[in-house]
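K.L.:
Submitted below is the structure of interest, expressed as structure tokens.
The values are calculated or read from the model by the stated rules, or taken from the named source; none is laboratory data. Bear in mind the structure is a predicted one, so any value in this text is a computation, not a measurement. We place every Cβ from the backbone using ideal geometry, glycine too, and count neighbours over all the protein chains shown. Just the protein is used for accessible areas: all its heavy atoms, side chains included, with ligands, DNA and RNA removed. Shrake-Rupley method; radii C 1.70, N 1.55, O 1.52, S 1.80 Å.
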Amino acid sequence: MIEFHLDSRSGVSPYLQIVHQVRHALRLGLLREGDQLPTVKDVVARLAINPNTVLKAYRELEHTGLVAARPGVGTFVTGSSLADPALAAHGPLRRELRGWIVKARRAGLDEESIEALFRDAVRSARIEGVA
Amino acid sequence: MTAALATRGLGKRYGRRWALSGCTLEVPAGHVAGLVGPNGAGKTTLLQLAVGLIEPSAGSIAVLGEEVAATPAQLARVGFVAQDTPLYPSLSVADHLRLGAALNPSWDQALAEARIARLGLDRAQRAGTLSGGQCAQLALTLAIAKRPELLVLDEPVASLDPLARREFLQALMEFTAEHTVSVLLSSHLVADLERVCDYLILLAEGHVQLSGEVDELLASHRRLSGPRRDISRLPSSQQVIEETHTDRQSTLLIRTEEPIIDPAWMVEEVSLEDIVLAHMGRDWTHEPDAVPRVGR
């Protein structure tokens, strides 16, 4: 059984923090197939949060197939793997990004400027996606 | 589904002063609804109207689909913990439970006993000698052992230290997770309620300034910052709640249901506290749909 904790300063909503913690525990092998997640009652009694917050997190995890609810019993980890198929693509992308960062440094940008430029590029790409 | 609380044009006047006016609300059942607002905003007045301790001067109010305190059966459906969790100082913990059992037809003795045992309260101890946190927990026990369909709490954690506050909210949330119940609780601090509420009502100066599901409020409010802008030229779907300008920059807190596509803006999510503060600071006299100010 795992235990959830909340960081009130992170700015991440409590429901997403729970989702992330389950995914994290699955990646690290702290949770395996057949393991039960804490009951909604246990989570709210520990964290003093609204029961719907926990239900929402569990529903989202269920929706992605990572857990399954057995009515009246609890919520259990399914066998589905969290191995991200896109993970294989990380290596080459990381190398390209590194090359880009080296170029940016040579052009005289400091770390803060590089981060600002990166964030801005991600943002404008997203806006193009929306528009 | 019947609303836990429904009001229409509800108002309460004390002498020449309106403590609450033009209050129209509908809080769906099954929520933990937070009633926030500065001191003197009318929170206690609204809660006392909801439990039938006082009668409206104007408008109407229905609780769980029925007229407030119309019958003993309606009274039994609502639990109330008043401000500062009043108990009988000279009565023992056990006396309080006996009183609860004698006065409430739907009394759940097993639930009350289990909670007293878990809290580690001495049944023979007089309520007057309990700590603030213990008093609050005993008052909560009495209110929930009544097995209400709506639980109303007026500033339940205001006078508690941080640990007792957390323990109180843990107990309250545990109860809501186990039983089908609607909760309406007030606080002058949003931070106290941020995690426990999924519905929010903001009262200020006797008026409802904002109400809705917390998720929807969070999803529809954004902070925009960018080059200085004339706000009259924003898309009509964007309602400006708060604005500050320097000679070069504009920072806005807006409410909108549409995505923000203007690339000049830097868009950020805002916390519930930011939303509440922005709405509280708003000048309502310039709103076309502003509620008329009564009794000022």
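K.L.:
Filter the stretch B:57-74 down to residues that are out of contact with any strand residue (DSSP E or B) (no Cβ under 9 Å at 6 or more places or on another chain) and of a type in the set (A, V, I, L, M, F, W, C), then give me how many there are.
P.N.:
1
K.L.:
Now, a different point. Quick check on the stretch B:78-90. Is at least one of its residues crowded, with 18+ Cβ neighbours inside 10 Å, among the polar types (S, T, N, Q), in the same structural domain as B:ARG165 (by TED's automatic domain parsing) and assigned to a helix (DSSP H, G or I)?
P.N.:
no
K.L.:
Test each condition in (1) more than 27 Å from A:PRO38 (Cα to Cα); (2) free of Cβ contacts under 8 Å to residues at least 40 places away in the same chain for B:ASP215 and report the one that comes out false.
P.N.:
Of the numbered conditions (1) more than 27 Å from A:PRO38 (Cα to Cα); (2) free of Cβ contacts under 8 Å to residues at least 40 places away in the same chain, the odd one out for B:ASP215 is (1).
K.L.:
Do you know which of the residues in the stretch A:33-58 that are away from chain B (no Cβ under 14 Å) and of a type in the set (D, E, K, R) is farthest from B:GLN170 (Cα to Cα)?
P.N.:
If we take residues in the stretch A:33-58 being away from chain B (no Cβ under 14 Å) and of a type in the set (D, E, K, R), then A:GLU33 is farthest from B:GLN170 (Cα to Cα).
K.L.:
Something else about it: Say we look at the stretch B:142-179 and pick out the residues that are farther than 19 Å from B:ASN104 by Cβ, of a type in the set (A, V, I, L, M) and open to solvent by 30 Å² or more (accessible area, probe 1.4 Å); which of these is farthest from the other protein chains (Cβ to nearest Cβ)?
P.N.:
Looking at the filtered set, the residue picked out is B:ALA158.
K.L.:
Sort out which residues of the stretch B:54-70 are open to solvent by less than 60 Å² (accessible area, probe 1.4 Å) and of a type outside the set (Gly, Ala, Ser), and write them in order of number.
P.N.:
Result: B:ILE54, B:PRO56, B:ILE61, B:VAL63, B:LEU64, B:VAL68.
K.L.:
List every residue pair whose Cβ atoms sit under 6 Å apart, with the two residues 6 or more apart in sequence or on different chains, where the first one lies in the stretch A:116-131 and is open to solvent by less than 80 Å² (accessible area, probe 1.4 Å) and the second, anywhere, is modelled with pLDDT of 80 or more.
P.N.:
Pairs that qualify, where the first residue is open to solvent by less than 80 Å² (accessible area, probe 1.4 Å) and the partner is modelled with pLDDT of 80 or more, are A:ILE127/B:PRO263.
K.L.:
Cβ-Cβ under 7 Å, sequence separation 6+ or interchain: first residue in the stretch A:8-32 and within 17 Å of A:ASN52 (Cα to Cα) and within 11 Å of another protein chain (Cβ to nearest Cβ), partner open to solvent by less than 50 Å² (accessible area, probe 1.4 Å) and part of a helix (DSSP H, G or I). Which pairs?
P.N.:
That search, which allows pairs on different chains as well, returns A:PRO14/A:THR53; A:TYR15/A:THR53; A:TYR15/A:ALA57.
K.L.:
Separate question: Being part of a loop (DSSP other than H, G, I, E, B), in the same structural domain as B:HIS188 (by TED's automatic domain parsing) and within 21 Å of the chain's Cα centre (by Cα) is the requirement here; does B:PRO56 meet it?
P.N.:
Numbers: part of a loop (DSSP other than H, G, I, E, B): yes; in the same structural domain as B:HIS188 (by TED's automatic domain parsing): yes; within 21 Å of the chain's Cα centre (by Cα): yes.
So B:PRO56 fits the description; yes.
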